[in-house]
1. Pull up the stretch 188-206, narrow it to residues that are open to solvent by less than 10 Å² (accessible area, probe 1.4 Å) and assigned to a helix (DSSP H, G or I), then point me to the one that is farthest from LEU254 (Cα to Cα).
2. Output the qualifying pairs, or none if there are none: Cβ atoms under 9 angstrom, residues six or more apart or on different chains, first residue in the stretch 274-298 and farther than 19 Å from LEU367 by Cα, second residue hydroxyl-bearing (Ser, Thr, Tyr) and modelled with pLDDT under 95.
3. Name the single residue that is farthest from GLY276 (Cα to Cα) among those in the stretch 302-350 being touching a strand residue (DSSP E or B) at 6+ places or on another chain (Cβ under 7 Å) and among the polar types (S, T, N, Q).
4. Within the stretch 149-187, how many residues turn out to be in contact with a strand residue (DSSP E or B) (Cβ under 6 Å, 6 or more places away or on another chain) and open to solvent by 10 Å² or more (accessible area, probe 1.4 Å)?
5. Restricting attention to the stretch 342-359, does a residue exist that is more than 21 Å from ARG114 (Cα to Cα), free of Cβ contacts under 8 Å to residues at least 24 places away in the same chain, surrounded by fewer than 20 Cβ atoms within 10 Å (Cβ to Cβ) and among the charged types (D, E, K, R)?
6. Any chance the stretch 108-131 includes a residue that's part of a helix (DSSP H, G or I), crowded, with 20+ Cβ neighbours inside 10 Å and modelled with pLDDT under 95?
7. Kindly indicate which of GLU319, GLU331, GLU283 is under 22 Å from PRO16 (Cα atoms) and not small (Gly, Ala, Ser).
8. Quick one: SER18 ticks every box in (1) modelled with pLDDT of 95 or more; (2) under 22 Å from PHE185 (Cβ atoms); (3) open to solvent by less than 10 Å² (accessible area, probe 1.4 Å) bar one, so which box is it?
Amino acid sequence: MYCLEAGRLEGRFAMPPSKPMAQRLLLASALAEGETVLRGVEWSDDAVAMLRAIQPISVLRVRGSDVVVSRREPDFYRAFSVGESGFTLRTAVALYAGVPGLTAVYFGGTLKGRPIDDLIAVLKRLTEVVKLPGAVVIRGRRLGKFRVEVKADVSSQYISGLMFLAAAGEGGVITPVGERKSWSFVEATADVLRLFGAKVELGDVVAVDGGLRSPGEVDVPGDFSLASFLAVAAVATGGEVELTGHLTKLDATLVDIFRAMGADVSYDGHAVKARGAFAKGVEVDLGGNPDLVMPVALAAAVVDDVSIIRGVEHLRFKESDRIATVADVLERLGVDVQYRDGALHIRGPPRRRGVEFKSHGDHRIGLMALAASRIVGGCVDDIGPVAKSWPSAVLYFAAGGNQ
């Protein structure tokens, strides 16, 4: 158990570097002509997983939080573990289908129960791919320009993986099938590929022309989807925080949502400042970026009003069944929460103090539980999962002072 006392959270903190952007930038750097310097990488489990995934095709030099990456002739035999990094698993399996040689991609933990079969079925039309217990084995080969269809309503990472496969070769056209879930992450992949010189079109189909060139030096932007837990805890306890760093399109909508809930939240291009109070419920659709559900749900939990969060159906396929685990955190607070008609219905405020929370082996649920513990006082059964995305988070919540 890790316990925190309830109390004002305030101070100045650096936003953690964006995990999803760091992963995409590392992968693009390994495929690009020329040397790339990535500045400000947080050594989360998922970032380390991506380093292992690109090592067979790149030269890597690490200097603190900076990584220098350059492309090299691929190893013919390559094997590595991605641990529990879903993005690394799906993009690596897709990418290595187009790299001549044999690849074994190992995975474990919660990934063993998460979806990948639809992506493998698509890749089998291009080359030999075999799913084994705890690993996927790929016989890569040089591919011409390809055209495929893939489900879009389970994981956006299927599409991102195929986009990297197209960018590494002669291009490709991907037709998304079904409702487009987590589409902002597909847009993030497109932004990174364009930064490296690829031509990407997002419309009825996703079209990517191959060939990447390094832009030189790149700063990893901040991750407000993670840092927002500090903002929620500060506002809910009457504190004030300044979160320094560049805000990405992925997370910018959070500023507007928190404002709509009555909090005084601003972003000046260099930092997010949050204070005031959450006073109103909100109705939002977060199907495009489900990572925002956890902080919005916790903010909703402190409001004596009804909030409705739509577009959450595919949260069942994450590190945990996040529909159930988000509800678990809120129910432990004594908050009324129901899931119906594809939406979470939440009404606060918390009615319990000194609560024992579970992280359910999920980094974002662990962060939600840490923030909730700071708001009402409580303990989290296991903080280990937060290392997947933001290892230093526990220090920030414990200190609550200037950084």
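1. This residue is LEU193.
2. The qualifying pairs are VAL284/THR253; GLY287/SER182; GLY288/SER182; GLY288/SER184; GLY288/THR253.
3. By that ranking, first place goes to GLN338.
4. Residues that pass the stated criteria total 6.
5. There is at least one residue in the stretch 342-359 that is more than 21 Å from ARG114 (Cα to Cα), free of Cβ contacts under 8 Å to residues at least 24 places away in the same chain, surrounded by fewer than 20 Cβ atoms within 10 Å (Cβ to Cβ) and among the charged types (D, E, K, R).
6. Yes, some residue in the stretch 108-131 is part of a helix (DSSP H, G or I), crowded, with 20+ Cβ neighbours inside 10 Å and modelled with pLDDT under 95.
7. Selected residue: GLU319, the only one of GLU319, GLU331, GLU283 that is under 22 Å from PRO16 (Cα atoms) and not small (Gly, Ala, Ser).
8. SER18 satisfies all of (1) modelled with pLDDT of 95 or more; (2) under 22 Å from PHE185 (Cβ atoms); (3) open to solvent by less than 10 Å² (accessible area, probe 1.4 Å) except (1).
The values are calculated or read from the model by the stated rules, or taken from the named source; none is laboratory data. Here the structure is a predicted model, which is why all the values come from computation and not from measurement. Neighbour counts are summed over all protein chains in view; Cβ atoms, including those assigned to glycine, are modelled from backbone coordinates with ideal geometry. Please note that ligands, DNA and RNA were not included when accessible areas were found on the heavy atoms of the full protein model with its side chains. Shrake-Rupley method; radii C 1.70, N 1.55, O 1.52, S 1.80 Å.
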